[in-house]
Amino acid sequence: MGVPDKQYPMTVYRLILMTAAAVWGLGFVIGKGAIGTVGATWFTAIRFLGAGIVLVILLFPHLKRNFCRKTLKAGLIIGMATFVGFWTQFLGLGLTTPSKNAFLSACYCLTVPFIWWVVSRRRPPAKTLIAAAICTVGIGLVSLTEGFSISLGDSVSIASAFLYGGEIVIIGLVMRDNDVLTITVVQQFTAGILALLLALVTQPMPTMAQVATPEFIGAMTYVAMLSAAFGAVAQNTAQAHLSPSEAGLLCSLESVFCALFSVAFFGEVLTARMAVGFAFIFAAIVATQLGDKGGDAAAAGSSADGSTGGESTTSGKPAKRNRGRIAR
């Protein structure tokens, strides 16, 4: 799907991205129960396969025009990285609270520049190093117990931030002038099939009693149709018009929305120390985004969960589509 010819005020695209962030944030809370029912691997498989089916139905004419060997190869590569990143995050979500998982995994905004440093051999700016230090303090406040130990769920969530960062860099390297929506569909099916194969080998098949409940069906419908399918299209559309720095900042609001929804609906108790830790992590994320003019890290994918969109020019016309994460 190309960039629409009709241009809307920039506020519209900001609201679209903020809506997607809110959808993702609520998805953490809703997905917690579903993961507890079938496990992280089956949850990953159902989520991505469901999203892929929805997108095929919605985008079939577009896919017929744009599907080719090049988009298939790019989608397969990105899909494998997506599977590892999301599966790890869902493992962490099953072992810790939704808000802690969301904030800790959101640290991928900080890991991308360092991974890109290894790939490109270009040192991150000083602000990124400072932000990393601030984020480390925040992670400690959120995750460390009084005995200075860290839970398994928090450790897995932190690991997912590094895997997410690797996925974003891979997307920056693979996604050149390919069709983003076509690759998105291939990505969804690749991640879903990999998760399905792993689930069949390592976990028992979910029983009808587990999945044929209104709660589970409602949760999976939400995360597949809204978090994954809607999130992909909404972010892709918005980021075709917003700069990478602004898009990344707006996407990172998912962790804030998750904390709010988790306290309101999941019954999570937000301690003062956790609140301060969240504030440190969010401040670090904001610090990495402010002043970003779309350099190397941005080109590798500095946005939070979709393809990073090209910056608008002063004439108001959109530049090339961004190359960051395709969909949450």
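The values are calculated or read from the model by the stated rules, or taken from the named source; none is laboratory data. A quick note: this is a predicted structure, and the numbers were derived from the prediction, not measured. With ideal geometry, Cβ positions are generated from the backbone for all residues, glycine too; neighbour counts draw on all protein chains shown.
Observations
- Test: residue 128 is touching a residue at least 60 places away in the same chain (Cβ under 8 Å) and farther than 30 Å from residue 193 by Cα: yes
- Tally of residues being touching a residue at least 12 places away in the same chain (Cβ under 8 Å) and in a helix (DSSP H, G or I) across the range 249-275: 18
- Scanning the range 199-218 for residues that are under 29 Å from residue 266 (Cα atoms) and aliphatic (A, V, I, L, M), we see that the one that is surrounded by the most Cβ atoms within 10 Å (Cβ to Cβ) is 199.
- Unique match (being modelled with pLDDT of 75 or more and in a helix (DSSP H, G or I)) among 128, 190, 136: 190
- Residues of the range 250-273 that are buried (at least 21 other Cβ atoms within 10 Å of the Cβ) and polar (S, T, N, Q): 252, 255, 262.
- Taking the numbered list (1) part of a helix (DSSP H, G or I); (2) at pLDDT 85 or above in turn, residue 204 passes all entries but (1).
- Residue 297 meets all of the listed conditions (1) part of a loop (DSSP other than H, G, I, E, B); (2) touching a Pro at 6+ places or on another chain (Cβ under 9 Å); (3) at pLDDT below 50; (4) under 21 Å from residue 170 (Cβ atoms) but one, namely (1).
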